[in-house]
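Asks: Sharing a structure, written as structure tokens. Questions coming.
Please treat every number below as a calculation from the coordinates, not as lab data. Computed from a predicted structure; not experimentally measured. Here the Cβ positions follow ideal geometry from the backbone for every residue, glycine too, while neighbour counts run over all protein chains shown.
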Amino acid sequence: MSNANESLSIQQYQGLVERVTLCTLTTLPCCVFLFINATMLFTLRSKAVFCDTSRYILLFNLLFADTVQMALCHLLYVIAACRVTLTYPVCGLLNMLAVLTNDVSPLTLVAMSLERYVAVCYPLRHATIITVRNTGVAVIVVWAFSSLNVLTRVFLILQFAFKNTERLQMKEFCSDVAMLLDSVSYDYNKAYTCFLFVSAGVVIASSFLGVMTAARSVFADKASAQKNRNTLLLHLVQLGLTLSSTVLNPVLTAISTVVTRIVLVRVHIVFYMCFCIFPRCLSSLIYGVKDQTIRPVLMHYLCCQLKFPVVSAKT
């Protein structure tokens, strides 16, 4: 009996050590990514050229949503790793904030793609169509549309009958799946996700094709068209990575039938880092390196180097 208790204690200790190790290995890069994103956000508000240019305003909105999403995702991960269960109201609040920011990202990518499409296909009208005021309206529309989805989800959650106060305490860890309390919520989540990403994919792909068509014109600026085509291709990749995080749970469910629980946990953590955390820092890394206007200012704040001259933004 003592041997059995000793073996159980060893297993529990090993499990605790593994949880602490995995939590540390995921938290450290997440903190680095959050620092990079926060520095990028500060950079985009540090110069007038960033505050008065539409594409940088949209980039700030994208980065803000991704940063909040990353922080919320990792907070929920740490809570689950610590084996803490929340009440439904607290979990619902955290999940609704995560849903809100998760919806803002693809919608902002759509707005950024349309801005690049207008810049290439209607260069003479770009300054009159893509103004700071119109960009502000677009950002408000993006957040309003995302908020409408959140309100719908809240309404569906409230339809779930909590017959007694004990049921307010969750029996499982807080997650987006745990808040799908009935079949209606599950079906709505599936339908909305498909609608959002199919619509966003169609708009971005159409913008990409429009830019490619414009690039073949004899009057087109070939270098500018190629640059914007690459930008739109990047938006498609970003949309795909954002979509990958939404299909993570079905993939893990399928994998769970062929692997052990401990292997599933490790695979889940790898997928979590690759498809939920890293893509949220991708925009900062890419735009911070390739954009000639952002790069010197960002490097100054990241590395405490001497201030580089800032290149004026071009359409």
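Asks: So who's got an amide H within less than 5 Å of the one on T87, skipping anything under 5 residues away but keeping other chains? H placed 1.01 Å off N, in plane.
Replies: Distant-sequence amide H within range of T87: M170.
Asks: Order by neighbour count: S175, S113, fewest other Cβ atoms within 10 Å first, most last.
Replies: In order of increasing Cβ crowding within 10 Å: S175, S113.
Asks: Roughly speaking, what is the stretch gain from T27 to C274, that is 0.36 nm per residue apart minus the C-alpha to C-alpha distance, in nm to one decimal?
Replies: 87.6 nm
Asks: When you count, for each residue, the other Cβ atoms within 10 Å and take the mean per peptide, how do 95-103, 83-91 rank with the highest first?
Replies: Ranked from most to least packed, the peptides come out as 95-103, 83-91.
Asks: Taking 0.36 nm per intervening residue step and subtracting the Cα-Cα distance, what contour gain separates T131 from K47 on full extension?
Replies: The T131-K47 span can extend by a further 28.5 nm.
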